[in-house]
There are 2 protein chains.
Amino acid sequence: MRIPKHIAVIPDGNRRWAQNNGLEKQDGYNYGLDPGLLFLRLCKKYGVEEVTYYGFTTDNCKRPRSQVKAFSKACVDAVKLIEKENVSLLVVGNAESDMFPKELLPYTTRTNLAKGEIKVNFLVNYGWEWDLSSMELNSRNRKTIMESLKSKEVSRIDLVIRLGGRQRLSGLLPVQSVYADIFCIDDMWPEFSELHFIKAINWFNNQDVTLGG
Amino acid sequence: MRIPKHIAVIPDGNRRWAQNNGLEKQDGYNYGLDPGLLFLRLCKKYGVEEVTYYGFTTDNCKRPRSQVKAFSKACVDAVKLIEKENVSLLVVGNAESDMFPKELLPYTTRTNLAKGEIKVNFLVNYGWEWDLSSMELNSRNRKTIMESLKSKEVSRIDLVIRLGGRQRLSGLLPVQSVYADIFCIDDMWPEFSELHFIKAINWFNNQDVTLGG
């Protein structure tokens with residue numbers, strides 16, 4: 001079976017899940033923590049080498065203050081869970097902004113925890129325009145473009161898994177995702193299970209990889 | 001009904017359709033011309049303001065010579081059909097390369113044909129890295145990034161329709177498509193019909209537009 005080397009996940013639907021379950025919108029994020037850890041363990045189990053979580057974006061920060069506070073805290077809590085795992089952890093996002101949680105600053109440099117078995121990238125206060133903002137006039141080919149990205153340590157994405165029913169990338173790493181296969185799941189992120197993961201990698205196994213050729 | 005202002009189409013599946021119908025792979029492109037014209041007329045009928053066709057990419061040119069010749073000719077033929085319509089036509093792609101069909105050079109500047117009722121962008125010998133290759137160090141926000149793209153005359157995409165069963169963007173305008181909703185159709189491009197179009201815009205009508213907020 002052809003296993004994707006690098007999977008990015010868009011953990012969407014926390015707020016809708018909360019509302020569907022009689023909770024306040026911002027309370028949904030907390031229920032996204034366990035699925036996040038499950039996702040990491042499944043990636044390890046199936047031999048995925050690199051994982052990217054779409055934490056929150058600069059655009060997301062336009063939401064009501066209570067929600068911004070809640071998803072920011074959820075990202076910090078998620079990183080605290082992940083740092084107990086055997087991972088090589090990098091937090092990618094605009095750390096010069098006040099919206100960037102101070103607790104995550106140490107991880108803006110890639111850090112091996114235990115043996116650093118699997119690469120984990122966590123996008124926090126990420127913006128596609130921030131990512132492209134160091135491009136230089138000499139970035140004329142793929143290699144130099146990749147090297148001039150703020151997210152240059154994140155490699156090309158093979159598979160994007162998006163929960164929550166939407167079918168879009170929402171600004172996720174536009175360069176790394178140019179040839180990514182995109183698998184969308186109608187269930188909300190707090191409902192994520194191993195079955196979803198298996199469906200996604202089985203689907204991926206049936207895609208061809210041409211990279212346009 | 002909420003109609004997308006700008007639809008991009010990825011007309012994939014010509015080669016597979018040809019093989020399924022006992023033809024040589026490269027013969028499929030010719031059967032993509034009528035669907036292309038139908039697509040344009042449907043966009044006009046439903047009030048879409050801008051249309052982008054994903055013609056061929058620099059990556060596609062790695063394919064066997066007979067195929068490259070065939071899809072290049074199909075793009076020229078498609079533009080000849082489109083130029084008889086009431087459109088404002090722009091061909092976007094690396095025109096400095098030998099792979100760019102000389103016949104299309106006049107359209108690398110936007111040209112009003114008749115009353116220029118609808119904007120049509122046709123990507124020919126397009127590459128995402130070519131598109132980003134004029135970015136400057138001062139391109140720090142959305143406006144300046146958009147202005148420094150080679151494809152700067154192409155506006156943000158609301159809806160991408162992809163035929164041929166794949167679920168990926170394949171390098172299509174990475175900046176303009178950051179928030180695009182992506183609708184994938186299993187049928188091959190030569191099979192494209194009004195029913196597919198109606199399904200796509202009905203689906204789009206049921207999506208929310210948050211742009212991350």
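The numbers here are math on the coordinates, done by the rules we state, and not lab data. Just so it is clear, the model here is predicted, and its values are computed rather than measured. A quick note on method: Cβ atoms are made from the backbone with ideal geometry, for glycine too, and the neighbour counts reach across all protein chains shown.
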(message) Given axes a ≥ b ≥ c from the Cα gyration tensor, I'd like to know whether segment B:88-196 is rounded (a/c under 1.5), prolate (a/b larger than b/c) or oblate.
(response) oblate
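Provide the net charge surrounding A:E129, with neighbours chosen by a C-beta distance below 11 Å and charges set as Lys +1, Arg +1, Asp -1, Glu -1.
Working: positive: A:K150, B:R140, B:R142, B:K143; negative: A:D59, A:D131.
So the surrounding residues net to +2.
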(request) Averaged over every viewing direction, what's the projected area of the C-alpha convex hull for the protein assembly as shown? Give it in nm², one decimal, please. (result) 20.5
(request) Give the nm distances, rounded to one decimal, from A:R142 to the matching residue in every other copy, measuring between label points 7 Å along Cα toward the beta carbon; shortest first. (result) 2.9
(request) For chain A, just run the numbers: alpha carbon Rg, then divide by 2.2 N^0.38 Å, N being how many residues it has. (result) 0.98
(message) Would you calculate the convex hull of the Cα atoms in segment B:1-117 and tell me its volume per residue in Å³?
(response) 112
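Quick check on segment A:57-143: take the gyration tensor over C-alpha atoms, sort the square-rooted eigenvalues as a ≥ b ≥ c, and tell me if it's rounded (a/c under 1.5), prolate or oblate.
Since a/c reaches 1.5 but b/c is at least a/b, the shape of segment A:57-143 is classed as oblate.
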(message) I need the inter-copy label distances for B:R41: point set 7 Å along Cα to C-beta, values in nm with one decimal, smallest first.
(response) 5.8
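Pop the C-beta distance of A:R110 and B:L113 into the FRET formula with R0 = 51 Å and round what comes out to the nearest 0.05.
Numbers: r = 53 Å, r/R0 = 1.04.
After rounding to 0.05, the efficiency reads 0.45.
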(request) State, to one decimal in nm, how far the label point of A:L38 lies from the label point of B:K5, with both points 7 Å from Cα in the Cβ direction. (result) 4.0
(message) Please compute the length gained on full extension between A:K199 and A:R142, using 0.36 nm multiplied by the number of residues separating them and subtracting their Cα-Cα distance.
(response) 17.4 nm
(request) Give the Cα extents of segment A:28-69 along the principal axes, in whole Å, largest first. (result) 38, 20, 9
(request) Could you pull the copy-to-copy label distances for B:N202, with points set 7 Å along Cα to Cβ, in nm to one decimal and sorted shortest first? (result) 2.8
(request) Excluding residues fewer than 8 places away in the same chain, name every one of the lysines whose C-alpha is closer than 20 Å to that of B:K119. (result) B:K5, B:K44, B:K45, B:K80, B:K84, B:K150, B:K152
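Please give the length that would be gained between A:E103 and A:E153 if that part of the chain were fully extended, namely 0.36 nm times their separation in residues minus their C-alpha to C-alpha distance (nm, one decimal). Intermediate results must be reported in sequence, preceding the final value.
Working: separation 50, 0.36 × 50 = 18.00 nm, distance 2.07 nm.
My answer for the length gained is 15.9 nm.
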